[in-house]
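Participant: Below are the structure tokens for one structure; questions will follow.
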Amino acid sequence: MFCSFCIIGFMVASKIKPKFTKEILTRLRNYVFKKVSDTDEAEEIFQEVLASATDSLALFQGKSQFFTWLCGIANHNIADYYRKRKIKTLLFSRFPFLEAIASEALTPDERVEKMELRKEVKQVLSVLTEGYKEVLRLKYIDGFSVAQIAKKAKTTIKAVESKLTRAREAFRDRWQGE
């Protein structure tokens, strides 16, 4: 399952049309999952790639396809994963008691970072209008399609697309302003 909050930030920061972004994200996710057999680890790497890409978006110069650039980031993260995995295997095979200590030590940091990101996203969402909050929640948290949102809101698909565009812009402006 995609990290909804990461996707919102990624789409908003990238200024790429939602349909195009969804296609790229799906291709990128498939790319990572082909390279990493453990699905939990692959999902984690995919999220890291999205975060890294969002942070580095200003560095994208357009000298390659956007997807190729994303795959380059993914390749670095995948290489890091296998490098760390090899080190862990060697270390834990020689000192088995370290595995329990390491897993306990790493887990709280990950939880804290995730909680902080959720808190920041919730803060940004809290200052948006109710309509913008609702359409972003339906799209990125609940996973509704634009057509489903239009049906639920009893409006047209174009109206929902337009509102999503404005909501993402408002989210991006608030996110970058904080």
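Participant: With the requirement that a residue be assigned to a helix (DSSP H, G or I) and within 11 Å of Arg168 (Cα to Cα), what does segment 125-136 give you? Even if it seems obvious, please write down each step before you answer.
Facilitator: Restricting attention to segment 125-136, the residues satisfying the condition of being assigned to a helix (DSSP H, G or I) are 125-127, 130-136.
Result: Leu125, Tyr132, Lys133, Val135, Leu136.
Participant: Could you grab me the full set of residues in segment 39-60 that are surrounded by 15 or more Cβ atoms within 10 Å (Cβ to Cβ) and outside any helix (DSSP H, G or I)?
Facilitator: none
Participant: Given the criteria touching a helix residue (DSSP H, G or I) at 6+ places or on another chain (Cβ under 6 Å), of a type in the set (Lys, Arg) and either under 23 Å from Lys154 (Cβ atoms) or at pLDDT 80 or above (or both), does Lys122 qualify? Can you show your working first?
Facilitator: On the way: touching a helix residue (DSSP H, G or I) at 6+ places or on another chain (Cβ under 6 Å): no; of a type in the set (Lys, Arg): yes; either under 23 Å from Lys154 (Cβ atoms) or at pLDDT 80 or above (or both): yes.
It is false that Lys122 is touching a helix residue (DSSP H, G or I) at 6+ places or on another chain (Cβ under 6 Å), of a type in the set (Lys, Arg) and either under 23 Å from Lys154 (Cβ atoms) or at pLDDT 80 or above (or both).
Participant: Additional query: Could we say that Thr68 is β-branched (Val, Ile, Thr), modelled with pLDDT under 80 and assigned to a helix (DSSP H, G or I) here? Reasoning before the result, please.
Facilitator: On the way: β-branched (Val, Ile, Thr): yes; modelled with pLDDT under 80: no; assigned to a helix (DSSP H, G or I): yes.
No: the conditions fail for Thr68.
Participant: List every residue pair whose Cβ atoms lie under 6 Å apart, where the two residues are 6 or more positions apart in sequence or sit on different chains, the first residue falls within segment 69-84 and is under 16 Å from Leu59 (Cα atoms), and the second residue, located anywhere, is of a type in the set (A, V, I, L, M) and crowded, with 19+ Cβ neighbours inside 10 Å.
Facilitator: Final answer for the pair search is Leu70/Leu28; Leu70/Ala53; Ile73/Val49; Ile73/Ala53; Ala74/Val32; Ala74/Val49.
Participant: Another question, if that's okay. Can you pull out every residue in segment 114-138 that is of a type in the set (Gly, Ala, Ser) and touching a residue at least 24 places away in the same chain (Cβ under 8 Å)?
Facilitator: In the first step, residues of segment 114-138 are kept if they are of a type in the set (Gly, Ala, Ser); the result is 126, 131.
Gly131 - this is the single residue of segment 114-138 that is of a type in the set (Gly, Ala, Ser) and touching a residue at least 24 places away in the same chain (Cβ under 8 Å).
Participant: Right, another one. Just one of (1) crowded, with 16+ Cβ neighbours inside 10 Å; (2) under 21 Å from Leu57 (Cα atoms) trips up Val146, so point out which.
Facilitator: (2)
Participant: Confirm whether Phe10 is modelled with pLDDT under 85, out of contact with any Lys or Arg (no Cβ under 6 Å at 6 or more places or on another chain) and surrounded by 15 or more Cβ atoms within 10 Å (Cβ to Cβ).
Facilitator: Values: modelled with pLDDT under 85: yes; out of contact with any Lys or Arg (no Cβ under 6 Å at 6 or more places or on another chain): yes; surrounded by 15 or more Cβ atoms within 10 Å (Cβ to Cβ): yes.
So Phe10 passes the test.
The values are calculated or read from the model by the stated rules, or taken from the named source; none is laboratory data. All values derive from a computational prediction rather than experimental measurement. Here Cβ is always computed from backbone atoms with ideal geometry, including for glycine, and neighbour counts include all displayed protein chains.
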